Amino acid sequence: MAKGQHQLQKGKTIRQQYRIYTKTGEMKWVKDRCIPTLDENGKLVRIDGIIEDITAEKKYMDQVEYLATHDHVMNLPNRRKFEKKLKNFIRQMRKDGDSLAVFYLGLDRFKHINDTIRPRRRRPFAAAHR
């Protein structure tokens, strides 16, 4: 018996999130809750369900994740993203019994370099929208 079914048989509510596709092919994220009703003998007699569209919430969370892991000026992954990816990669390498070497290059005065490039990147955008 599947884990979800087993939970329902015990009278426990289960919650899930998953994607569905509409007739038009649009992907939607939904959250559902299955609420079991047991009779006086503890036998499952009914399951009530609630489904909620959480597509907007998922898009918002994806946007927050992107903003937290990318430089807002250069749109490049930042240190937080690098460290997260590296930790996941190391975890997978250990699990698979593989080895890994990392070459990390730090640039002195990168802020100065970034600040000198920034105005050049903004000029064409500003000129195009005047």
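The values are calculated or read from the model by the stated rules, or taken from the named source; none is laboratory data. Because the structure is a prediction, the values reported are computed rather than measured. Virtual Cβ from ideal backbone geometry, glycine too; neighbours counted across all protein chains shown. Remember, those area values only see protein heavy atoms, side chains included, never the ligands or the DNA or RNA. Shrake-Rupley method; radii C 1.70, N 1.55, O 1.52, S 1.80 Å.
Key figures
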{"quantity": "The chain, helix-only ellipticity at 222 nm - DSSP H runs n ≥ 4, -39,500 (n - 2.57), divided by all residues, nearest 500", "calculated": "-15000 deg cm²/dmol"}
{"quantity": "Distance between modelled label sites at ILE51 and LEU76, nm, 7 Å Cα→Cβ extension", "calculated": "4.5 nm"}
{"quantity": "Accessible area of the chain belonging to carbon and sulfur atoms, whole % at 1.4 Å probe", "calculated": "53 percent"}
{"quantity": "At R0 = 41 Å, FRET efficiency that the Cβ-Cβ distance of ASP108 and ASP62 yields, to 0.05", "calculated": "0.75"}
{"quantity": "D (Stokes-Einstein, µm²/s), Kirkwood Cα radius, the chain, 0.692 mPa s at 37 °C", "calculated": "160 µm²/s"}
{"quantity": "Å² per residue, accessible surface of segment 1-111 at 1.4 Å", "calculated": "87 Å²"}
{"quantity": "Span per principal axis, largest first, for the Cα atoms of segment 21-86 (Å)", "calculated": "62, 33, 16"}
{"quantity": "Relative contact order (percent, whole number), the chain, Cα cutoff 8 Å, 6+ residue spacing", "calculated": "13 percent"}
{"quantity": "Neighbour count of at most 11 Cβ within 10 Å plus DSSP loop: longest chymotrypsin sites (Phe, Trp or Tyr not before Pro)-free window in the chain", "calculated": "1-102"}
{"quantity": "Cleavage-rule hits (trypsin sites (Lys or Arg not before Pro)) in segment 71-121: DSSP loop, at most 15 neighbouring Cβ within 10 angstrom", "calculated": "ARG109"}
